[in-house]
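The block underneath contains the structure these notes are about, expressed in structure tokens.
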Amino acid sequence: MSNNSSGKVLVRRRDNRIIAGVCAGVADYVGMDVNLLRVISALVILFTLPLGVLAYAVAWAVIPEEGHTTSVMEDLFSKSRQG
């Protein structure tokens, strides 16, 4: 999780999501229009197809969902360490 001077936390948003809330969360965090960020993300994914999809999947895995303190990746690592 990331904090900046205004106290914002980067999370995947539950509202205004289309796939996993990554674009909605990043747009809210940086103060950008979510639809503009979605268009930019779609173009990046389209032109860098395997890497763009991988980058989105990594963002989904490492950015925690709104209302949670841990990400999907952190949950997987903690379960693998326990058992």
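What follows is calculated from the coordinates using simple rules that are stated; it is not laboratory data. It should be emphasised that the depicted structure is a prediction, and the values quoted were computed from it without experimental measurement. Don't worry about glycine lacking a Cβ; one is built from the backbone with ideal geometry, like all the others, and counts go over all protein chains shown.
The spread of Cα positions in the chain, taken along each principal axis and listed from longest to shortest, comes to 41, 34, 22 Å.
What is the magnitude of the charge dipole of the chain about its Cα centre, with +1 placed on the Cβ of each Lys and Arg, -1 on the Cβ of each Asp and Glu, and no other charges, expressed in debye to the nearest 20? Don't skip to the answer; put the middle values down first.
Values: 8 positive and 7 negative charges, 21 e Å.
The dipole of the chain has a size of about 100 debye.
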